Structures are given as C-alpha cells and as structure tokens.
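Quick notes on the structure that follows.
The values are calculated or read from the model by the stated rules, or taken from the named source; none is laboratory data. These numbers were taken from a predicted model, which means no experiment stands behind them. All Cβ positions, even for glycine, are placed from backbone atoms using ideal geometry, and neighbour counts span all protein chains on display.
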Amino acid sequence: MLESIVFYTLATLIIGFGVLVVTTRNTVHCVLFLVANFLCVAMIYVLLAAEFLAIIQILVYAGGIVVLYLFVVMLVNLQRQPATAPGRRPQARAGFALAAVMLAELSAILVFSASHPASVAAAAPPAPSGMGNTTMVGLLLYSDYLVPFEVASMLLLVAMVGAIILARKDA
C-alpha cells in the first residue's frame with residue numbers, strides 16, 4: 001500500500017516537473033526542473049529495487065548531462081529574437097508525419113505484447129539467489145555482452161577524440 005502511494009506520488013511529480021520543463025520561460029529554471037525530474041525517476045528505480053540504474057541515473061543524467069545543458073544555456077545568447085523563416089510549413093508536416101509513424105509503432109508494440117504475453121515474460125531469466133542487481137548487471141556486461149560493451153567504448157573514444165580535434169583552435 002505504501003509503495004503504491006510513493007509510486008503514484010513520484011509519477012505525479014515526474015509529470016508535473018516534465019510539464020514545467022516544457023513551459024518554463026527561464027532556461028535555468030527549466031534545467032533545475034529537469035534535475036528534479038531525473039531525481040524522481042531515480043527514486044522510482046530505487047522503489048523497483050534497481051539500485052544500479054538509480055545511481056547511473058543520478059550520475060549520468062542528473063550530474064553530467066544537466067551540467068552540459070547549463071554550460072550550453074550560459075554560453076548561448078538566448079535574449080535575441082529568433083529570425084523568422086518562411087519555409088516552416090514542410091518541416092511541420094514532416095514532424096507530424098514522423099509523430100504519426102512513432103504512434104503507429106508504439107501501437108504495434110502494445111498490440112504485439114498484449115497478444116503474446118508469454119514471450120515477453122520469458123525474455124528475462126530469473127536471477128540466482130543471493131545475487132544483487134548490480135552483481136547481475138556486472139556479470140552480464142562482462143560475460144555475455146563483452147564485445148558490444150567494448151565496441152561501444154571504442155566508438156565513444158573515437159567520438160571524444162574527434163570532438164577534441166574539431167574543437168582545437170589552431171587546427
């Protein structure tokens with residue numbers, strides 16, 4: 001009963017902070033509401049006994065990404081008026097078309113998962129007793145998913161080196 005109350009309270013806060021992120025005129029306040037949103041999502045992860053995801057949510061999103069957003073907000077001049085572009089109609093149509101495609105995709109996923117409930121439940125193997133969530137993530141990451149993990153780390157390294165080379169002033 002208490003878990004349900006906490007969950008629905010956090011869900012209401014997440015929706016409220018999400019609306020404030022989109023509707024707030026001050027960009028710094030917008031970023032602060034985004035931090036609050038990320039922290040509420042981390043609390044839901046803790047409620048679901050996914051401590052590893054909660055810590056990653058706080059470190060990566062509420063820590064790193066939001067600091068990056070704040071740097072961009074502080075460096076970009078947001079006080080000037082944007083130039084009006086007369087050719088926005090095709091972009092709006094393309095946006096609505098992509099939104100319709102995404103809605104159709106989401107509907108197809110929901111219909112498929114409702115018609116095949118056994119295959120969704122069989123996707124996650126049961127965790128051995130005595131192993132925590134973080135231990136299971138570590139074992140899977142460094143055994144079954146070692147090659148994709150290494151490929152992703154190499155791609156991130158190449159992207160970081162490329163960004164450093166592009167940002168050099170004397171290049």
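Which residue out of Ala49, Ala11 is on the phi > 0 side of the Ramachandran plot and not acidic (Asp, Glu)?
None of the others qualify; the one that does is Ala49.
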Being surrounded by 10 or more Cβ atoms within 10 Å (Cβ to Cβ) and assigned to a loop (DSSP other than H, G, I, E, B) is the filter here, so list the residues in the stretch 134-171 that pass it.
Tyr142, Asp144, Tyr145
Filter pass, Ser129 being out of contact with any Lys or Arg (no Cβ under 6 Å at 6 or more places or on another chain), surrounded by 10 or more Cβ atoms within 10 Å (Cβ to Cβ) and at pLDDT below 75
no
Six or more apart or on different chains, Cβ under 9 Å: which pairs go from a residue in the stretch 71-96 that's outside the structural domain of Asn26 (by TED's automatic domain parsing) and under 25 Å from Cys30 (Cβ atoms) to one that's of a type in the set (A, V, I, L, M, F, W, C) and modelled with pLDDT of 70 or more? Could you list them?
none
Filter the stretch 106-126 down to residues that are exposed (fewer than 10 other Cβ atoms within 10 Å of the Cβ) and not in a helix (DSSP H, G or I) and give me whichever is modelled with the highest pLDDT.
Pro126
